[in-house]
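Below is one structure, written out as structure tokens; comments come after it.
The values are calculated or read from the model by the stated rules, or taken from the named source; none is laboratory data. What you are looking at is a predicted structure, and each value in this text was computed from that prediction instead of being measured. All Cβ positions, even for glycine, are placed from backbone atoms using ideal geometry, and neighbour counts span all protein chains on display. With ligands, DNA and RNA removed, areas are computed over all heavy atoms of the protein, side chains included. Shrake-Rupley method; radii C 1.70, N 1.55, O 1.52, S 1.80 Å.
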Amino acid sequence: MVTLHAQRSSGCETDIVSGGRFEFGANWRAFLKSVDESRIRQVEASLQEMLDIPHLQSMRILDVGCGSGLFSLAARRLGATVHSFDFDPAAVAAAEELKLRFAPGDALWTIETGSALDRRYLGRLGEFDVVYAFGVLHHTGAMWESLENMIPLVKPGGKLFVSIYNDQGKASRRWWWIKRAYNRLAPPLRFLVLWPSAFCLWWRPMLKDFLLLRPFRTWRGYQRHRGMSAWHDLVDWVGGFPFEVAKPEQVFDFYRRRGFSLERLVTCGGSFGCNQFVFRKHE
């Protein structure tokens, strides 16, 4: 009998081989080499700031599409009981590796393979004080369905922290084709898309740094951005596929009509990044 875990893993791997999905998990596993105490503390601070909570003691947190597991680890260190899942088995392996390094044997942090589109799986998880889905749901291939699926997971009075790629109109459509092309190329040829994209995204900050006599300062200081890595975020951006976008007001209206109020909004200023939302579910 084929297990549900094997079916999910097979589905993800089939999508990757066919060029329909980026190897998110492989990129996260490479990122793990750079994770240290400094990055973890930065992630803890970003969670406290966005959620406006000094600690997460006695809270249950769900990390949807956990990737490397770094934010799960930060939430756990802030006192939460954490459940992490990801559709990509390589991401699950990355999170398990991170846990083994920094929280071995921690019974209050569980990690599983699962999908934000699998309502049967989600229905078994129960309700959480915080549902965290950062930069994930726009990569499911069914963004609005996955946004809907988050609603039952948030307990009354709980918080939903989501980030969704900003809709730039024609520019977003161009990026869709770029990302599709990247994933359809054989891995040895992907530099043909990656390096021109890197130039497009980074030439302005690089030039500014050189003119101010501080070469590569923005690149080196990228770690201050939620503890992330400039290189791995670049690869994730160029390769991240499936790819969907939304205007901030669309996400706001979607959850307002479903019984949520907006507590915090951080936009990307009309650029290609993510808009971040913290909603509270009405009691």
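Modelled label positions at residue 185 and residue 13, each set 7 Å beyond Cα in the direction of Cβ, lie 2.6 nm from each other. Ligands, DNA and RNA left out, the 1.4 Å accessible surface of the stretch 107-238 is 62% carbon and sulfur atoms. Note on the stretch 1-113: Rg/Rh from C-alpha atoms, Kirkwood Rh, equals 1.01. Counted over all Cα-Cα pairs of the stretch 162-261, pairs farther apart than 20 Å make up 53 percent.
State, as an integer percentage, the relative contact order of the chain based on alpha-carbon contacts under 8 Å between residues 6 or more apart.
Working: 481 pairs, mean separation 60.1, N = 283.
With pairs under 8 Å counted, the relative contact order is 21 percent.
Computed with the Debye formula from one identical point scatterer per Cα of the stretch 61-162, without solvent, the log10 of I(q)/I(0) at q = 0.17, 0.24 Å⁻¹ comes to -0.69, -1.36. Residues considered: 85, 272, 71. Largest GNM mean-square fluctuation over the chain, using C-alpha springs under 10 Å, is found at 272. Comparing 80, 45, 90 in a Gaussian network model of the chain where C-alpha atoms under 10 Å apart are linked, the largest mean-square fluctuation is found at 45. Calculated FRET efficiency, residue 101 to residue 250, Cβ-Cβ distance, R0 = 41 Å: about 0.60 to the nearest 0.05. Net charge dipole, the stretch 83-223: roughly 880 debye, given to the nearest 20, about the Cα centre with Cβ charges of +1 for Lys and Arg and -1 for Asp and Glu.
Normalised by the number of residues in the stretch 1-147, what is the relative contact order in percent for Cα pairs under 8 Å and 6+ residues apart? Mind showing how you got there, number by number?
Working: 217 pairs, mean separation 36.4, N = 147.
Taking the mean separation of contacting Cα pairs over the length of the stretch 1-147, I get 25 percent.
Using only Cα coordinates, the Kirkwood hydrodynamic radius of the chain works out to 19.4 Å. Only Cα pairs under 8 Å and 6+ residues apart enter the sum, and on that basis the relative contact order of the stretch 112-167 stands at 45 percent.
Probing with 1.4 Å while keeping every protein chain in the model, the per residue accessible area of the chain equals 48 Å².
State which entries of 99/170; 33/170; 179/247 exceed 29 angstrom in Cα-Cα distance in the structure shown. Spell out each step's value before the answer.
Values: 99/170 41 Å; 33/170 36 Å; 179/247 20 Å.
From 99/170; 33/170; 179/247, over 29 Å: 99/170; 33/170.
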